[in-house]
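FYI, it's all coordinate maths here, none of it is from the lab. All values reported here derive from a predicted model rather than from experimental measurement. A quick note on method: Cβ atoms are made from the backbone with ideal geometry, for glycine too, and the neighbour counts reach across all protein chains shown.
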Amino acid sequence: MTVRVAFGRRGNRLGVALGAIAFAALAAAPWWGGRDDLQLLSEIYAYVALASLWNLLAGYAGLVSVGQQAYVGLGAYSLFALAILFGISPLWSIPLAGLIAAALSIPVALLVFRLRGHYFAIGTWIVAEVFRLTASQISALGGGSGTSLPAAVVIAIAPTRALRDFTMYWIALLLAAAVLALIVLLLRSRYGLALKAMRDAELAAACSGVDVYRTKFLVYVLTALATAMLGALIFLQKLRISPDAAFSVNDWTAFVIFITVIGGIGRIEGPIIGTLVFFALRQTLADLGTIYLMMLGLVAIVIMLMAPKGIWGMVAARFGWQLFPLERTVLFEEAKQR
Amino acid sequence: MEWINVILQGVLVGGLYAMFAAGLSLIFGVMRLVNIAHGDLIVLAAYVALVATQTFGIGPLTALIIVVPVMAIIGYALQWFVLNRTLGEDLLPPLLVTFGLSVIIQNGLLTAFTADNVKLQAGGIEVATIRLAEGLYVGVLPLLQFAVAVAVIAGLQFIFYRTAIGRAFRATADDPAVAQLMGLDNRRVFALAMAASLAVVAIAGVFLAVRANFDPSQGPARLIFGFEAVIIGGLGSLWGTLAGGLILGVAQAVGAHLDPGWQILAGHVAFLIVLAARPQGLFAKVHT
Amino acid sequence: MPEALLAVRNLEAFYGDFQALFGVSIEVARAEAVAVIGANGAGKSTLLKSIAGLLRARRDAIAFAGEPIGGMPAYAVAARGIALVPEGRGLFPSLSVEENLLIGGQLGRLGAWTLRRVYELFPVLGQRRKLPSTALSGGQQQMAALGRALMANPQLLLCDEISLGLAPIVVREIYARLPGVRAEGTAIVLVEQDVVQALAAASRVYCLQEGRVALSGAAKDLTREAIAAAYFGV
């Protein structure tokens, strides 16, 4: 008799098919959408990716960080520095920014991992503040008021405006898809099993031989890398950077957390649902300004108290749905008769 | 002499930071909850004081009589109706709920009071100084504030270690289930602890309001200072929290003296150094 | 028999989906000492936790002084005069010996047991009153836990395996104090794995086996064989 591990359930084939169709449709957006549509879609992709990464960190690795804006800003500033000060092509600067952030995230992790739980959360926030304050001291990049991308660098992305829009749109789509794919692959790997065990019962996982510290460290660094690349791309699209925008708690942490909470923590599908809900709310309610933000806060609180698993959590529990093939089943097969 | 002055100013502002931290330290000690809205509640208290002084035409220090009970009641209700439901094994619910609360308070204040800077006037006491020595002056208000901070910490210490309710706090923190066997309703104990925490927040808020301009967005910074003071001083020790506040204040003062733009950064650096060198804090109580 | 102080009828108890008690019924009269014995996992601690309110129970499954208390939260049960000496003693590590005793008297119910009387009962506690409770030996901790429960001046004292982990001589010392407790009018339920001590201290015995009452009766009437059979289920 042999034993093997199979992934996924029956419904997953439908989910994968839907995903492929959606991807194709979105990739064709430059042909059916206008400039505003592309920008909105790019924003959605960025938030789906950012929320998925935060979900990986908090929902799976148990690292609740309120300071991921540190890496968004770090990625953005790295790109601007590389492009403006060192003349490196802006598109290549995106992955380079990711690597810089990954490198810096190592000493940061060594520090903040000394804190646990809520204290870890605030510690990450303080690190982000340190990054922000340091960035505002760098006069070469505009200090406290920031700077714009010089025309020469903008041209280096692509010769025409239309091409620039399309290029950055596709990069956004690819990057988000890559982040999601990476997360799925990670969760299907040995580390993924470790993460799920850690999510459910850390002590038991440690006793079963899971190297909790190393797994958390790995996830933290990978998340930093991906988050930084997203930050680099976001601000490349904006063409302008400033410390307050790059390291904004509201934009890169508060909204991300709300998305993940509303969609459902600890499940991959959650951030996707959450982002769609978030943007639907934003398109309809954003005119209300501060009241809109208050409502977001209220919604997050109500969901946490009433439905802590978020929208997808409730749906999945009720109907047993799962879009991404992640669930492991152990199959026992009879050895083939000779 | 110049440096002594710098350090002195740092010590005095450190008292205020210790007050920010004391409330945080208290509720973490009793129920393992870190209130992300803590700083915003300090700012809320400042605005309550503003409303009180404007409505009744009283001075800020007199307004304490109104602000402290108001904030204590808010704390009790907040814990009873909202935060008690988030307590448990998982640390996400209380963290996210208090985060949501922070957003609501900030934007609520923004809606009610706009983003304009305001400040409470305390009259002549604000500019009065005492001459300690040749070239060494200290403001009466900062000195008063420091004395109040020490008194608050001493008061909390007294409550915790010499009263029945303090025993109840410590017992419930040790073992909520066995505490129930003593006839203690956990929900009430936690609500009382939050009320006490916000009473301290009220005092801190009023002093903040008198000391400098404030606006709705200042909450997170106060939370971070309070948090840094707690970590530098060490968890579980109220006097340690005072020490942490003082160290933070001095670090900021030194940083500001070297370059005004480095003030806050210097505080963060001090925090990170303590975190790197002695993560349990300088005066942590070792628990079995 | 006069109306029972504690009447447990058909009590069921669950840990999640796992059922630990299947319709247990026991009775305890005022100032009576009752022993509940049984092997590990028989459900003895579960029974006490249900009575004390730490585990949910059906409302009418447990009646105390005529009032149904099943399902009440533990602090409400404690307020009605039931004190549990929990498994493992459950002293508060942040509190000193004296503070542990004082918090036992938190409810302020007046009665025979005061701090002074507890120190008379257990002089060693008086000698170590200011020490943190963690500084006591196992036997002393058990005395402190017992003293803490007495400070509530309960009508019913529930003792969960007070002999566990203690040397026989210490166990004898503690059990020697129990008649003094009963003399003040407090009923006692003794959950024990140490059958000999339990039978010596109690007038009636229940033996639990896998969540059910397998045997009950007056301590002096039960034979060793009957008890062994009920205990081990042979």
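Descriptive notes on the structure:
- Residues with amide H under 5 Å from that of C:Gly217, placed H, sequence gap 5 or more: C:Val205
- For the stretch A:216-232, 3J(HN,Hα) computed residue by residue from phi via the Karplus equation (6.51, -1.76, 1.60; θ = phi - 60°) reads 4, 4, 4, 4, 4, 5, 4, 4, 4, 4, 5, 4, 5, 4, 5, x, 4 Hz, glycine and proline entered as x.
- A Gaussian network model of chain A, with springs between Cα atoms under 10 Å, assigns the largest mean-square fluctuation among A:Gln237, A:Gln283, A:Gln137 to A:Gln283.
- Dipole moment magnitude, nearest 20 debye, the protein assembly as shown about Cα centre, only Lys, Arg, Asp, Glu C-beta charged: 1020 debye
- For chain B, the relative contact order comes to 36 percent (Cα pairs under 8 Å, sequence separation of at least 6).
- For the stretch C:1-145, the relative contact order is 18 percent, taking Cα pairs closer than 8 Å that sit 6 or more residues apart in sequence and dividing their mean separation by the residue count.
- Kirkwood Rh and Cα Rg combined as Rg over Rh, evaluated for chain B: 0.97
- Between B:Ile27, B:Ile264, B:Ile58, the GNM of chain B built on Cα springs shorter than 10 angstrom shows B:Ile58 fluctuating the most.
- Helical mean residue ellipticity (222 nm; -39500 (n - 2.57) per DSSP H run of 4+; nearest 500) of chain A: -22500 deg cm²/dmol
- D_trans [Stokes-Einstein, Kirkwood Rh over alpha-carbon pairs] for the stretch C:157-234, 20 °C, 1.002 mPa s, µm² s⁻¹: 161 µm²/s
- Longest stretch of chain C clear of exposed loop sites (trypsin sites (Lys or Arg not before Pro), DSSP loop, at most 11 other Cβ atoms within 10 Å, sites excluded): C:1-129.
- Most fluctuating residue given options C:Asn100, C:Asn40, C:Asn153, as computed from a GNM of chain C linking Cα atoms under 10 Å: C:Asn40
- Vicinal HN-Hα couplings computed from phi for the stretch A:272-288 (Karplus, 6.51 cos²θ - 1.76 cosθ + 1.60; Hz; Gly/Pro x): 5, 4, x, 4, 4, 4, 4, 5, 4, 4, 5, 5, 8, 10, 4, 4, 6
- Convex hull (Cα only) mean projected area of the stretch A:34-152, reported in nm² to one decimal: 8.6 nm²
- Taking amide H atoms as placed 1.01 Å from N in the peptide plane, the amide H of C:Arg58 lies under 5 Å from those of C:Glu12, each 5 or more residues away in sequence or on another chain.
- Mean Cα-pair separation over length for the stretch B:1-138, i.e. relative contact order, pairs under 8 Å, 6 or more apart, %: 31 percent
- For chain A, excluding the exposed loop sites themselves (chymotrypsin sites (Phe, Trp or Tyr not before Pro), DSSP loop, at most 15 other Cβ atoms within 10 Å), the longest remaining stretch covers A:87-320.
- Shielding value for A:289-296 is 5, the average number of Cβ atoms from other chains within 10 Å of each residue's Cβ.
- Dipole size of the stretch B:146-207 about its Cα centre, with +1 on Lys/Arg Cβ and -1 on Asp/Glu Cβ: approximately 100 debye, rounded to the nearest 20.
- Between helix B:238-258 and chain B: long-axis angle, C-alpha atoms, 0 to 90°, nearest 10: 30 degrees
- Positive-end extreme of charge dipole, the stretch B:90-231 - chosen from B:Ala195, B:Phe158, B:Phe146 (charges on Cβ): B:Phe158
- With a 10 Å cut-off around each Cβ of B:87-94, the average count of Cβ atoms from other chains is 4.
- Volume per residue of the C-alpha convex hull in the protein assembly as shown, rounded to whole Å³: 215 Å³
- Interchain or long-range residues, amide H under 5 Å from C:Ala20's placed H: C:Ala13, C:Phe14, C:Tyr15
- Between the residues B:Leu87, B:Ala133, B:Ala52, the greatest Cα displacement towards the positive end of the dipole of chain B, with unit charges on the Cβ of Lys, Arg, Asp and Glu, is found for B:Leu87.
- Considering only trypsin sites (Lys or Arg not before Pro) in DSSP loops that have at most 15 other Cβ atoms within 10 Å, the longest stretch of chain B without any of them is B:33-284.
- Here the 3J(HN,Hα) profile of the stretch C:143-150, calculated from phi with Karplus coefficients 6.51, -1.76 and 1.60 at θ = phi - 60°, is 4, 5, 5, 5, x, 4, 5, 5 Hz, Gly and Pro shown as x.
- Helix A:117-135 and the long axis of chain A differ in direction by around 20°, with both axes built from C-alpha atoms.
- Over the residues of chain C, the helix contribution to mean residue ellipticity at 222 nm works out to -9500 deg cm²/dmol, using -39500 (n - 2.57) for each DSSP H run of at least 4.
- Degrees between helix C:168-183 axis and first principal axis of chain C (Cα, 0 to 90, nearest 10): 90 degrees
- Net charge of neighbours whose Cβ lies under 14 Å from the Cβ of B:Asn107, counting Lys and Arg as +1 and Asp and Glu as -1: -2
- Across the alpha-carbon atoms of the stretch B:177-288, the computed radius of gyration and Dmax are 17.1, 57 angstrom.
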